[in-house]
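K.L.:
The structure under discussion is supplied below as structure tokens; questions concerning it will follow.
The values are calculated or read from the model by the stated rules, or taken from the named source; none is laboratory data. Predicted, not measured: the structure shown is a model, and the values here were computed from it. A quick note on method: Cβ atoms are made from the backbone with ideal geometry, for glycine too, and the neighbour counts reach across all protein chains shown.
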Amino acid sequence: MNTITASTAIDSIVIEADDPAATERFYADAFGLGPRIRVRAATSPSTGFRGHVASLVVSQPAAVRRIVEAAVAAGATVVKPVAKSMWGVGGVVQAPDGSIWKIATSAKKDTAPDSGEIDRIVLLLGADDILASKRFYVERGFSVGKSFGRSYVEFESQGGAIQLGLYRRGPLAKDAGVPEEGSGSHRLVLIGGGSAVADPDGFEWEPAGH
């Protein structure tokens with residue numbers, strides 16, 4: 001039996017932004033994720049794609065449309081309009097701070113009134129070497145739920161607020177609909193690790209309560 005520890009559960013993520021107050025308002029109005037998303041002032045420059053995409057997984061298309069509309073009303077830019085695909089229904093927006101968010105459901109039709117709930121938050125980190133990054137997390141207690149060679153890894157939910165996955169950086173950017181080029185800070189910190197550490201791709205972890 002796998003043991004859930006502080007080092008394998010993501011309690012929240014921190015978005016670093018040039019305008020923390022405005023960014024906090026955006027996330028409160030657009031997604032309503034509460035303490036799962038925190039904001040603080042950015043201290044390092046960042047350009048282009050930051051190497052990560054956060055996915056909000058919901059139960060049906062009505063929820064996808066509602067969240068995308070709320071995000072746009074709060075100031076987000078549509079990267080990919082809500083559309084049906086072979087996998088379900090989804091859309092992609094870019095927050096004013098530059099972060100990329102995908103809102104998706106595997107359902108293709110609405111079957112009930114929109115509950116207003118978000119079922120899962122999955123944070124996908126772009127990796128230059130999937131196997132090296134996978135090994136880093138497995139050695140720290142993460143259990144692999146899905147794995148597709150050198151392309152994609154999804155770790156099992158570890159009891160935290162946010163599920164973690166790895167995706168090759170180039171395909172991750174392509175899936176999100178943005179250019180792969182980018183440099184500087186990821187402007188993202190994962191909260192919940194047992195100690196401060198950075199993974200092979202430079203994504204930083206800080207312990208809860210830091």
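K.L.:
Suppose we keep only residues that are aliphatic (A, V, I, L, M) and surrounded by fewer than 18 Cβ atoms within 10 Å (Cβ to Cβ) within the range 23-45. Which one would you say is farthest from the chain's Cα centre (by Cα)?
P.N.:
So, considering only residues that are aliphatic (A, V, I, L, M) and surrounded by fewer than 18 Cβ atoms within 10 Å (Cβ to Cβ), the one farthest from the chain's Cα centre (by Cα) is 41.
K.L.:
Go through the range 164-210 and count every residue that is in a loop (DSSP other than H, G, I, E, B), among the hydrophobic types (A, V, I, L, M, F, W, C) and buried (at least 17 other Cβ atoms within 10 Å of the Cβ).
P.N.:
Going residue by residue through the range 164-210, those that are in a loop (DSSP other than H, G, I, E, B) are 177-181, 185-187, 192-196, 199-203, 207-210.
Next cut, among the hydrophobic types (A, V, I, L, M, F, W, C) only: 178, 196, 203, 208.
From what's left, buried (at least 17 other Cβ atoms within 10 Å of the Cβ): 178, 203.
The total comes to 2.
K.L.:
Here is a further query. With respect to residue 50, determine if the residue is among the basic types (Lys, Arg), surrounded by 18 or more Cβ atoms within 10 Å (Cβ to Cβ) and at pLDDT 95 or above.
P.N.:
Values: among the basic types (Lys, Arg): yes; surrounded by 18 or more Cβ atoms within 10 Å (Cβ to Cβ): yes; at pLDDT 95 or above: yes.
Yes, satisfied.
K.L.:
Among (1) buried (at least 19 other Cβ atoms within 10 Å of the Cβ); (2) over 27 Å from residue 86 (Cβ atoms); (3) at pLDDT 95 or above; (4) of a type outside the set (Ser, Thr, Tyr), which single condition is residue 142 missing?
P.N.:
Looking at each condition in turn, residue 142 falls short on (3).
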